[in-house]
Each structure stands twice: as C-alpha cells, then as structure tokens.
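These notes concern the structure reproduced below.
Readers should treat all values here as calculations from the given coordinates under stated rules, not as data from a laboratory. Treat the numbers as computed from the prediction; the structure is a model and nothing was measured. Glycine gets a Cβ as well: all are built from the backbone with ideal geometry, and neighbour counts include every protein chain shown.
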Amino acid sequence: MTSYADTRDVVGRPAAWWGMLILIASESTLFGCFIGSYYYLRFRSATWPPHGIPEPKLVVPLILLAVLLTTVVPMRLAAKAAATGRLAATRLFLALALVVQSGYFAYEVHDFSDQLHGFDITRDAYSSIYYTLLGADHAHVLLGVLFNVWLLGKLTRGFTRYRIHATRAIALYWYAVSVLTIVVYGVLLSARA
Amino acid sequence: MTLRRLEILQWTGLLLGGLAFAAAHVVGYGITEAECNSAGLRWGISNDTWEVIALGVTAGLVVVSGLAAATVVVRTRETSYESPPPPGRVRFLAIAALAANLIFLIIIVLDALGSIVNVACRQG
Amino acid sequence: MAIATPPNPAAAERMERLELIWESRPGILGWLTTTDHKRIGLLYFWTTLALFGAGGAEALLIRTQLAQPNQHVVSPQTFDELFTMHGITMIFFFIIPMTTGAFGNYLLPLLLGARDMAFPRMNALSYWIFLASAVFIYTSLFIGKAPDAGWFNYVPLASKKYDPGHNIDFYCLGIIFNSIASTLTAGQFIVTILKSRAPGMSLNRMPLFCYAMLAASFGLLFALPSLSADTIFLFLDRNVGTHFFDPSHGGSTLLWQHLFWIFGHPEVYILIVPAFGIATSIIPAFTQRRLVAFPLVAIAELLVVFIGFGVWAHHMYTVGMPTVSMVFFAAATAMVIIPSTIQVFAWCMSFVTGLPTFRTPLLFIAGFIFMFVTGGLTGIMFVAIPFDQQVTDTYFVIAHFHYIIFGAAVFPIFGGMYYWFPKVTGKLYFERPGQISFWLIFLGTNLLFFPMHIVGLLGMTRRVYTYPSGIGWTAYNLAETIGGFVTLGGILVLLGNLAVSYFRGPPSGPDPWRGPTLEWTTSSPPPEYDFAVIPRVTSAYPNWDPADREADRLKLADGVLMLERGHEQPEVTPVDGRLARVAHMPHESPWPAVLALALALLFTMLLIDRWGTAGIMGIVCLLALVGWHMQEPEEE
Amino acid sequence: MKGPRRDRRFAFLVLGVVPLAGCGGSQDSLAPHSHQARDIANLFWWMMGGAWIGLALVVGLLVWSYKRRKRRGFGDDVEGDKPGEKRSWYAVLGLGIAMPIVVISTLFVISDLFVIKTTQAPASTTTRLTVKVIGHQWWWEVRYPGTNAVTANELHIPVRTPVRVEVTTADVIHSFWVPELNKKVDTIPGQTNVVELDADQPGRYRGQCAEFCGLQHAHMAMYVFADEPSAFRRWLSREEKPAQSPSGGLAADGERLFLNGPCSSCHAIRGTDADGFVGPDLTHVASRTTLAAVTIPNDRDSLRNWIVDSQHVKPGNLMPNFSVSGHKLDALVAYLEGLK
C-alpha cells in the first residue's frame, strides 16, 4: 500500500466497457426471449412457416450478413488505434465501418418494407414474431450506426481519455450486434429446415 | 500445485456446473415442449431417451465441476478464505462452488427421476 | 473514529479542496441536477415511501371490502383496479426501488469505500425515469382507467377484446417504462460493485450486503427483458393487430404466462435478496460477531437468484402442462430452497454464538427470520405438485407470499430504517417506541396473514370482490382485516418515531453500534465525498480492523490517497480489487431529468396512439443524450 | 366422516385459530370425498407436521440465543469476532444443507413421482363417463357427449364412478375447481384440459372458478351432485328430453313472451325456437337448485328479481335488466318454473 495517490497506471478495462457489456447482456436477454417465443410458437404449429407464407430467402441475407461481419475488422482496428492514441487512423476506420454499416442498414430497411408487402405483420403468429425479431435486430444496427456517427462527431475535436473509452465500448457493441445478427438469421432461416 | 492451476480449477468449479445446469434445464424443458406439441408429431423424438442423454451429460459436467472445486478446497486447506487474494479468494470461491455444484447435481438427479418415472406428455 | 476533524493544517487544506470539488449546488436546482448517490438515495426513499402509502391504502380498502361477506364498500370494477394496483405498486414501485434505489444507492458506495456510483448521471436518470413512470401509472388510477386484469395480467382477459379501454395499455407502457429505470439501476450497481470498490476489497472481503445487491442486480438485469418482451407483444397485439397471444391465428395464451413468470419468479427473489443483505448487515453489528459461514452465505445469495430463473412454471401447474415438464420445475423449486436454509441457519447460529443485543433493528431481523421461515415452509409445500394444484389461486398462496414479501422483504426494510437512521441523519432514534412499533407490526402482520392459510384451505379463491356467508370464511376474513389495521398502527408508530427522532433525537456520532462496515468509519451524515481518504480494506468487516483505520488516519495526515486533485475515485480490478486506475467522475447534470421528461412524453404519445409525435419525442431523447455527453469529466 | 372432521378441528387449534362452529363449509380442500382429494389432504397434513417441526427448530434457536445472550461462542471457543465458528459451520452444513436436501428430496419423490399419478389427467380408458364443461363469463356450461343433455352450473355425476371431465372455455381463462373431489385445472383457449372426478359418497360438492376471469369472477360457482347411478341415469334421461310446452294459462303466455321477446336471443330451450347461446340453456332450468352460477336460490322471488334487476344482483353480468312487470312478469316466471 505505497503512496499511489498520483498513480495513473492503467490495468484492466474501463468502467465504460463494463457498462456497455451490461447493456449488451440486457439486450441479448431480450433477444433470447424473442427467440424462445419463436420456438414456443413454432412447436405449437403443424406447418412452419404457415401455408401461404414463403420460406425466408437464403442467399441474399447470407451475403448481407457477410457484409455486416466485415465491419467488425475496422471497428477492431479503430479500437486498437484509439488505445494507442492514433487519432487519424481511428477516424478513418470508424468512417469506413460507418459507410458499410449504413449501406447494410439502408438495404435491410428496403427489404423489410418489401417483405411487408408480401405478407403483413398482422397475418398470424408467424408473421408477428418474424417481423418483431427482424425489426428488433435492424433497430440494434441502427443504434450502432448512431453510436458511430456520434463518436466521429466527438473525435473531430480530438482525443480525450473519455472518448478513447467510448471507442472501446462502441467497438464492443458492434461485435455483439454482429453475433446477434448471426443468431437472428440462424433462427429465422431455421424455418427452412 | 501452481496458483495458476488453482485459478483455472476454481473458475471451472464456479462456472461450469452452473452453465451446464442452466443449459440442461432449458434443453430438458424444450425437449418435452417439442415432443408433446403438434411439431413433435412431425419430428417423432422420444422424450425419455433424449432427456436421459441430456441429463446424463450434464450430470457428468456438474460432477467434473464439483471435483475441480473440491480439489481446490483440499489444496488450499492451509490458507483461510479471509486471507489476501489470490489464494484467499480462490479458496473462498472454491468453497462456494462446492456447495453450488452439490445443489445442481441434486436437481439434475431429481429431473432425471421425474422424466423417467412419469409418462411423457400425460397432462398432469 | 470519524475522519471529520483533520489532524493537521496540511490535511485541513486538502479537505477543503475536497469539499470544494464535491460540494453540490444549493437549493432545488441542486436536487434536480444532483448526481450524488446519497441525494438520489434520499429522493428514492421519499418517493417509494409515498408509493408505499398508496399501495397500503389500496390493501386496506381491499381488506375493508372483504371484512364481511356480500359487502359493497367498492364496486367490482374498483376492486379489480385496487388489487391490480396494489400488486404493481408494492412490487415495482415500493420494494424494488426501496431496496435497490433507496438503500442500495445510499449505502453501496459507503460500504464499498467509494465516493459515488460508477455512472452517477445514469444513476440520476434511473431515479427520474422511476418517478416519471410512477406518475404515469398512477395517472391511470385518477382518470379511472387503472389496470384491472391483475398484476399478472393474463391474456385473453387483458386482450383488446375483453378489456377494450386504455387500462391495459397503461399497464404495458408503465411496466416497460419502469423497467428501464430498474435496468439502469441494476446495470450500474453491477459495474459499481465490480469496479468501484476500495482497493484491497477482493471478492472474499466484500460485505454480504454487496453480494446481495449484486445478486438482485443480476436478477433484475436478466429477468426484466422477459417482462419487456411480454408487454411489447401484448402492446402490439392490442394496438397493431399482431397475434402473439391469439390461438385462432397460431398464437398462444400460455406464451404470456411463460414470459411473465420467467420474469415473475426471479422477481420474488429480487424482492427478498436485498433484504437478506440488510439482515446480514444488521446481524453482525448487533451480535458483535462476523456472520457464520461467510462463503456459503455469499454464494447462497447469488444461487437463490440463479436457480430462481429455473422454477417459473410452478406458477402454471394448473394450465395442463405435461407432467414431465412440471417435474422439471418442481425439482428446481425443491432445491432453490437450500440456499435459503443455508442462510437461515447461518443467521441463527450467529445469534446463538454471538452476543445479541435485541435492539429494534435486531428485533425486526428476528421477526424477519420467523416470517421468512414460515413463508418458506409453505413454499416448500409447493414442491408437491398435486398440493400446489389444489391450493394455487386460493388465499393459501396469498398467505405464503405475503409472509415472504411483507415478512421477509419489508421487515428488514423497517429494520434497516432504524439501523441506518443515525448514519443518514446523525441522530439516534428512541428505543422504546421502536420496540413498540416492532411488536405492533409483528402481531398485526401475523393476525393479517396467518388466517389466510386457513381460508385458503377452506376453498376461498383469490381476487374475489366478495364471498358468500355460511362457508366458514367470515371470521377469518374479519380477523385479517383487523390485523391489517393493527399493522397500519405499527407502521405509523415507526414513522412517527423516526420523524420525532429526526428533530429531537440525541446526536449519534459516526458509529453508534460499533458497526462492522465502512459506512461507520465516516461522519454521520457522511460528507459529499463519503471518505476523505480512500479507506484501506483487509477484511469484509473493515471497521473492526483497528490497524487499517489507524493507517487511514496516517494517510489523511500525509495526504495519501485523498484524490483531492479532481472529481475522482479509484477503479479496481473486478475480482481481486487491485487498483486499476483513477476514474474521473462526471459533475451534476440537468440532462438526466430532461431525458426522463422526454421519455415520459414519448410513452404518453404511445398511449394515446400519436405515433408520429412519439417518433419526434424519440428524436428529442436522442438529442438529450447528445447534450448529456457534451459534458465530459475534465482531465487535469 | 366424524374422524377427519374432528382431527381437522384439532388441527385448526394447532394452527392457532379457533374455528367457527361447524366450520369447513362445503368447499373444503381438507374434507376430501374422493381418493384424489384424500391423497392431497394427507400430503398436506404430513407437510404441515414437518413445517411445524422446522419452524419450532428455528424459533428454538432464536429463543436459545436470547437466553444465552450474555455468553459468546461454544465451550472454550469464545475469543475474537468469530466465536464458535467451527461448530456453527457444522450446524449450517448439517441443518442448512444435508437435512433439507434429504427431507425435500423425499417430499419430491413421494408427491411428484407417486401421488401425482393419482391426480393427473386420467387415461381415456380408465373412465366410464365423459362430461364436457365449458367456462363462460361468468357461468359454467355442462354437456354430456352422446346425449342431448345440456345444463349449466350444476353438474351431476354418478357416485363411485371415475368421470372424465373435459374443460374448455368460450372466452377467457377460467379454472374448474371442486376442492373436495380433486385439484383444479384451468380452461385454456384453444386447448382441452382433463380432470377426473370420482366421488366416493353421494352428496353436493361446491366448486368455484379459481382463475381471475373479470368483473364477476366472485360469482362463478358451481355444484357437483354425486348421485347413486340409478338416480343419475334418471336425471340424465330427463335432462335429455326437450321441454314440453305448457298446456295453457299463465305459463303459455310466458312461453309466447319468451319466444317473441329478447330472452330467446340469448337463451336456448330445446323443443322451441329459442336457440340463443350467450346465456345458459334453460330447457330444464326449474330442475336446478340455484340461479346465476350459484349466486341466488332458484325460487320465485329470486327469479323475478333476477329478470328485472340482474345487474344489481350480479353487476356487469351479460344479461341486461328487463323492465317487465305485472302480468307479463308473472307469466314469464310461471313459464320458467314449469321447465322441470
């Protein structure tokens, strides 16, 4: 217990990172409940998806998924750059990720409204849980996009320890959203089985 | 035994059993849900077989986890659970894990008894 | 040994700087923008106390209506709204916010040796959202549109077809709104407990109160999403036309029950585990003995919540599940009892082997043990599925969970009020009236709840607004009603005692009980910065380690670890509590209140189907968040 | 009958509350009249005995701590702030872990592996009669498959005969519960649940909806009449018959009023054009002992009052008040009272 009143040595992860982890835990549980409900309803219906509803598309979603996953790399690089205080690099990687993510989100919204024309959310239990799950996932992508926009805005006025922590936390959020999206697609596509 | 190894055993003891139990609980319930509803007619799975498999595996994991905790408790009997970390904390959490795994194991056993003795899908 | 009087001029000068850095803005504005965990704790305390009054009034109205058969004190509709609001209020707006929001906020940093929560502004936000949600849900009562399908709100009774009014929409939105506040509290409790402990407080040296809060927070964090999903589904079913709960379109009414009880049963443990924490704080102080079997009690507090997630379907034994499914939950139900038996006997052995002085706080804990064991034993009976199926939805169940919720959750709250009253006010309460209040409440509650076991076995079902005479229920119901009013009397004595003591009580000094934990090392009431020196911790009972306290005094003299340079507190590693970094804490901020207000408007717009306006409010919330984060903790 | 009642009295004294004279009433889960209900009741008595022992143990420890409040620890282990720690650990491990695990596991095995077999839904082969009970807000519709018999709120079964009761709902979730005969079972939309009734002596057993189902949940009771098999067959054959219309006079006016008035839009009377299905089937309403789901007795005054002012008797029930009086009311009542 020596005099470390002035110590600024940094061990372990900042509270901000842990806070983000908590948010992720809470949101993942929400998705867990949606997914549980999905299968609960599925077990109760003889045909899934019900007659008259097309099986969920396979190819396009997988391609989109791949696109979204690629953005994990720049996010990771951004976090690393921030940790070592390389401002320009951080901005670059964030911007790169943001472009791809926005593109992904834009297409998904378009695709979502397309499907709604096919079969409406008020059609039956399948359509209800299908759109709820998909919509919730898209909403989380949107939140991530907003995070990145906000962070880039912040970084225009340089680094502070606070912003470095924010970068780490938001990167963590994106890893989680990517995993979440994989799981959600997995569940929705399982209707083909 | 090195502290590092004790650490690993202690965390195994603390986490493995709990996770295994949680998984088995959800899966075990899910199996019955699936079999005893219209979907199950299509899949035609046998409740007892699946339950016994799931619960057997889990019981194994819980036992492993319990043994890990027990090892740590034995190996650290010289230290007190109130002594400074890491050793004190390792012993502390190992003692806790031992109790936890015992409880998980009993639940798994009772689950198994229940799903074997009772007729699957008979409304209770 | 308060660190109120600095030992030398240098130290005095440093403490002045601390005062300046941490002092909060004066007046109303100070309270609106505060991020001080103690002030937020007090705000929570007064708000939840008021709501406790509301819930109690509802309960007494219910008891008055049921005092005699075939009475018409209130109309059936009013009765339904009363018991629904009673449940919602006591669970979501009294016990959870009282134990976590009030006790947790005020005490956690003090027991951890921290200066504030890990996320002070988030802490403020959780309070303002809680307040807004309380106003939101109580508006429904005053405009005569209160939820009326029970706090469990089963569909299809709660569906648009059978409940077309806004009553249930108030329920859905109010519950979602409130659970945002609880989630925020839970999340930052977890981070605070993991990251903001005093250096040296490793997991095996953390007070049991903190374990209890950790367990309750994990419970809230993982239980509330299930309720949110459920209420979201119901809101969509009612207002968008989805079919989650509509069997005619492939939905399932039982889906509601599953999701509800996946939240609802952990909820029960979330209600009582913080009370365990209060008990495990009071027992060592008044037996002058470290709690027996510390590691087992610590894990028990976590286990009861963990296993509590696996027992939900024992609320649904009568819905016609396959026997095998029920047995799964019965097995978990059977073993979730073990953590509680561990704690009960650890408490009792501490009583036996320590030197118990039965002052009011310990009396309430003894009463709590009695009530908890009684309710627990009837709980064990629900392991027997056939018996559960016989008595579920009767007054037997009401008796059971009121012994748990009033006996095991509220008794420790009362005990805690007495125990920490000197710390919060700097005054001592009066002992004699304290003991009177205990005995009134103890006898009152037993007279109120015990006969419910018997009328339940005699077949009296729950949620009936009246009952016929001649079935042998009348005498018991009358006794219950009398007991209710006796309990009210006891609570009034308690509040009166504390109110008078606040003005007339003798000064308490920093440590009237020779308490074991860190809050007793600082002055009463504690300074804004809680501790002048980040305390040294080498056990779970730091105030009983004279060497460490002496070390603190020396550090104060040399100005070590005072962190008087800025709005700072140390962060530690989550497991072994080694110093990780010094964190910069944010200052007071108006944004939490603003954001809560915007959210309240958002939910109001959803309620009255103004989706467009609701969207605009959503954007306002985002802007508020941006404004919030404009202000960064300054670096020196 | 004398035996169980006395020891139940005794038990209430044990429970610490003096019971009413002749208490127990007619909806008493501890006055079993079937082997299922008896098994459940016995289960309870055993559990209650254990519960009292457990409570005594804990209270004993607390009282003991009060008696020895001046002494620390055990034996010579009285030093420091953990006096008597070792023995306390043994107590916690023994009383807090080992003992409850054994006791509760035993309870689990007995109740959830064996007793549950007697109370769970009967296999369709083991019962000799099936009755369909349909929950409505706020009354019970009773049908006897294979016959035309339809009645309400009063369910007749042959005594000493396992009867399969299939419960469903027409609207929200209700719960079918006759505590003296068996556990309760909910009526779930889109699902049929089954419970067995097997009364071991003739009698009238009160039941009540146990799941909150709206405004008049409090007034949704029913009677189960366990008749001797011969009496049951006579009752059933009478219930099957359509109503014979009155030869003339007051009752005949009443029939005309009933069929041309609003009554027939909600109520059915087999053998007439009245085929409403919102309210109970009234073909043999006069043969029932109560009205409005065991809310009021089935006599002339109650019936009159029910027709003109049901919203006062049972606020919120789906039958509006009718402003009929004088001759018309007398006629209606006469007609309904003739429907034996």
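Before moving on, here are some points about what is shown:
- For the segment A:115-121, counting C-beta atoms of other chains within 10 Å of every residue's C-beta and taking the mean gives 1.
- By average C-beta atoms within 10 angstrom, highest first, the peptides C:608-617, C:453-462: C:453-462, C:608-617
- Cα-centred dipole magnitude for chain D, charges only on beta-carbon of K, R (+1) and D, E (-1), debye, nearest 20: 1360
- Per-residue average of Cβ from other chains inside 10 Å of C:248-261: 6
- Cα Rg over Rh - chain C, Kirkwood: 0.97
- Value at 222 nm in deg cm²/dmol, rounded to 500, when DSSP H runs of n ≥ 4 in chain C each add -39,500 (n - 2.57): -21000 deg cm²/dmol
- Relative contact order computed over the stretch A:13-130 (Cα-Cα under 8 Å; 6+ residues apart), in percent: 29
- Taking amide hydrogens as placed 1.01 Å from N in the peptide plane, the amide H of D:His174 sits under 5 Å from those of D:Thr187, each at least 5 positions away in sequence or on another chain.
- With neighbours defined as other Cβ atoms within 10 Å of a residue's Cβ, the residues D:Glu196, D:Glu79 order from fewest to most as D:Glu79, D:Glu196.
- When you count the other C-beta atoms within 10 angstrom of each residue and take the mean per peptide, C:160-169, D:237-246, D:107-116 line up highest first as D:107-116, C:160-169, D:237-246.
- Charge sum, other residues only, whose C-beta stays under 12 Å from A:Leu30's C-beta, Lys/Arg counted +1 and Asp/Glu -1: -3
- Projecting the Cα atoms of B:Val74, B:Gly30, B:Ala120 onto the dipole axis of chain B, where Lys and Arg carry +1 and Asp and Glu carry -1 at the beta carbon, places B:Val74 farthest toward the positive end.
- Cα centroid separation - the stretch C:323-394 against the stretch C:495-548, whole Å: 32
- Ranking of D:His219, D:His174, D:His327 by count of other Cβ atoms within 10 Å, fewest first: D:His327, D:His219, D:His174
- Rounded to the nearest 20, the size of the Cβ-charge dipole of chain C about its Cα centre is 880 debye, with Lys and Arg at +1 and Asp and Glu at -1.
- Lysines with Cα under 20 Å of C:Lys195, excluding same-chain neighbours fewer than 8 positions away: C:Lys38
- Distance (nanometres) between label positions extended 7 Å along Cα→Cβ at C:Val626 and A:Ser28: 3.1
- Straight-distance candidates among the lysines for linking to D:Lys314, with alpha-carbon spacing under 28 Å and chain neighbours fewer than 8 residues away dropped: C:Lys145, C:Lys160, C:Lys161, D:Lys132, D:Lys183, D:Lys184, D:Lys328, D:Lys340.
- Note on D:Ile110 and C:Leu554: the model spin-label points, each 7 Å out from Cα along the C-beta direction, lie 6.3 nm apart.
- Entry note, the stretch B:3-117: relative contact order of 39 percent, from Cα contacts under 8 Å with a spacing of 6+ residues.
- Extent along principal axes [Cα atoms of the protein assembly as shown; Å; largest to smallest]: 112, 77, 61
- Amide H contacts of D:Ala152 (H built 1.01 Å from N, under 5 Å, at least 5 apart or other chain): D:Val142
- Residues D:Val224, C:Val240, D:Val308, sorted so that the one with the fewest Cβ neighbours within 10 Å comes first: C:Val240, D:Val308, D:Val224
- Net charge contributed by nearby residues that have their C-beta within less than 13 Å of C:Phe430 (K/R +1, D/E -1): +3
- Inter-label distance, D:Leu318 to D:His35: 3.9 nm, where each label sits 7 Å from its Cα along the C-beta direction.
- Neighbouring partner chain Cβ atoms per residue of A:16-22, average, 10 Å criterion: 6
- Long-range HN-HN contacts of D:Thr290 with modeled amide H, under 5 Å: D:Asn298
- The magnitude of the dipole of chain A, with charges of +1 and -1 set on the Cβ of Lys/Arg and Asp/Glu and taken from the Cα centre, is near 760 debye.
- Summing charges over all other residues whose Cβ lies under 14 Å from the Cβ of D:Thr147, with Lys and Arg as +1 and Asp and Glu as -1, gives +4.
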